[in-house]
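The structure appears below as structure tokens.
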Amino acid sequence: MNPIRIVIVDDHTMVRQGLRLALELQGDFDIVGEAENGAAGVRLIQEVQPDVALLDLNMPELNGIEVTQQVRRLSPPTRILILSGVQADARVFATIEAGVDGYIVKDASTTELAAAIRHIAAGESYFHPHVTQALVRYNRNLLVSPALMQTALTARELAILQSMATSATNRAIAEQLHISEETVRTHVKNILRKLDQPNRTQAVLEGVRQGLIALE
């Protein structure tokens, strides 16, 4: 059988190196590239068309959700596995909507990660039990409160709301996401409207309260 060709996209050099070393010990894996941020990851995946893309969720330039959306268009055969420390907030649910094939947490063992990659490469889905439990709770809440669907933030709005929880200005957010400052302002207005909040600070507090973002 041909080895499973894997691309690793994570903004932490030590994480990428550790993953490469661990996965190269598996006889059926071939690490065909690494990228240090989301935008570079999209370019690399489009170039090498790997079987599996192993993505971090929180990355500069493009996050894992945005990378997934672009890879779905640019490299449809590539299967996508999120590897992240985030287990139960709205960003996890947004990855499902974006079309990821699996999600595993960073404290999982190498054995579990290898098994997840094999499941994903075989055309199956793989979600860590903690993530599955969170999804069940989330779906139950949606059934109880359908209004949540009406105010759901898009993946881009979630990314901007998370940046709003830091000291980043609109200009800094625009540079990070490679969009115009005016586009950021428009997204901020939409976030305030959807969360029914008068200002950025209150929107961030409401986002934390609802579990949409986490203060890091």
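Would you please give the FRET efficiency between residue 112 and residue 14, computed as 1/(1 + (r/R0)^6) with r the Cβ-Cβ distance and R0 = 25 Å, to the nearest 0.05?
Step by step, r from the Cβ atoms, then E = 0.80.
Compute the long axis of helix 13-24 from its Cα atoms, compare it with the longest principal axis of the Cα atoms of the chain, and write down the angle in degrees, 0 to 90, nearest 10.
For helix 13-24, the angle is close to 40 degrees.
If I fit a long axis through the Cα atoms of helix 181-195 and take the longest principal axis of the Cα atoms of the chain, what angle between them do I get, 0 to 90°, rounded to 10?
The angle comes out at about 70 degrees.
Between residue 196 and residue 49, what is the label-to-label distance in nm when each label sits 7 Å out along the Cα-to-Cβ direction?
Modelled inter-label distance: 5.0 nm.
Compute a Gaussian network model of the chain, connecting alpha carbons closer than 10 Å, and tell me which residue from 68, 78, 154 fluctuates the most.
For the chain, modelled as a Gaussian network with Cα springs under 10 Å, the answer is 154.
Let me have the 222 nm mean residue ellipticity of the chain computed from DSSP H runs of 4+ only, each contributing -39500 (n - 2.57), with the sum over all residues rounded to the nearest 500.
The helix contribution divided over the chain gives -16500 deg cm²/dmol.
Could you calculate the contour length gain from residue 73 to residue 209, that is, 0.36 nm times the residue separation minus the distance between their Cα atoms, to one decimal place in nm?
Contour length minus Cα-Cα distance gives 45.6 nm.
What list of ³J(HN,Hα) values in whole Hz, one per residue of the stretch 118-129 in order, does the Karplus curve 6.51 cos²θ - 1.76 cosθ + 1.60 (θ = phi - 60°) give from phi, with Gly and Pro shown as x?
5, 4, 4, 5, 7, x, 9, 9, 9, 10, 4, x
Rounding to the nearest 20 debye, state how big the charge dipole of the stretch 4-138 is about its Cα centre with +1 on each Lys and Arg Cβ and -1 on each Asp and Glu Cβ.
Here the size comes out at about 240 debye.
Taking the Cβ-Cβ separation of residue 2 and residue 154 as r and a Förster radius of 35 Å, what is the calculated FRET efficiency to the nearest 0.05?
0.40
Once you list every other residue whose beta carbon is under 9 Å from the beta carbon of residue 123, what net charge do they have if Lys and Arg are +1 and Asp and Glu are -1?
Summing Lys and Arg as +1 and Asp and Glu as -1 gives -1.
What shape does the chain have by the C-alpha gyration tensor, where a ≥ b ≥ c are the square roots of the eigenvalues, rounded means a/c under 1.5, and otherwise prolate means a/b greater than b/c and oblate the rest?
prolate
Go through the stretch 35-134 and name the trypsin sites (Lys or Arg not before Pro) that are in a DSSP coil and have 16 or fewer other Cβ atoms within 10 Å of their Cβ.
106
Using amide H atoms built in the peptide plane, which far-off residues or other-chain residues are under 5 Å from residue 29 H to H?
Result for residue 29 returns 4.
Assigning unit charges at the beta carbon (Lys, Arg +1; Asp, Glu -1) and nothing else, what dipole magnitude in debye, to the nearest 20, does the stretch 151-209 show about its Cα centre?
Once rounded to the nearest 20, the dipole reads 100 debye.
List the residues whose amide H sits under 5 Å from the amide H of residue 103, counting only those 5 or more places along or on another chain, with H placed 1.01 Å from N in the peptide plane.
Close amide H contacts, sequence-distant or interchain: 82, 126, 127, 128.
Treating the angle as unsigned and between 0 and 90°, give the value, to the nearest 10°, between the Cα long axis of helix 155-164 and the longest Cα principal axis of the chain.
70 degrees
Read-outs throughout are calculated quantities, based only on the coordinates presented, and are distinct from any laboratory measurement. Because the structure is predicted, anything quoted here is derived from the model rather than measured. Positions of Cβ are generated from backbone atoms using ideal geometry, with glycine treated the same way; all protein chains shown enter the neighbour counts.
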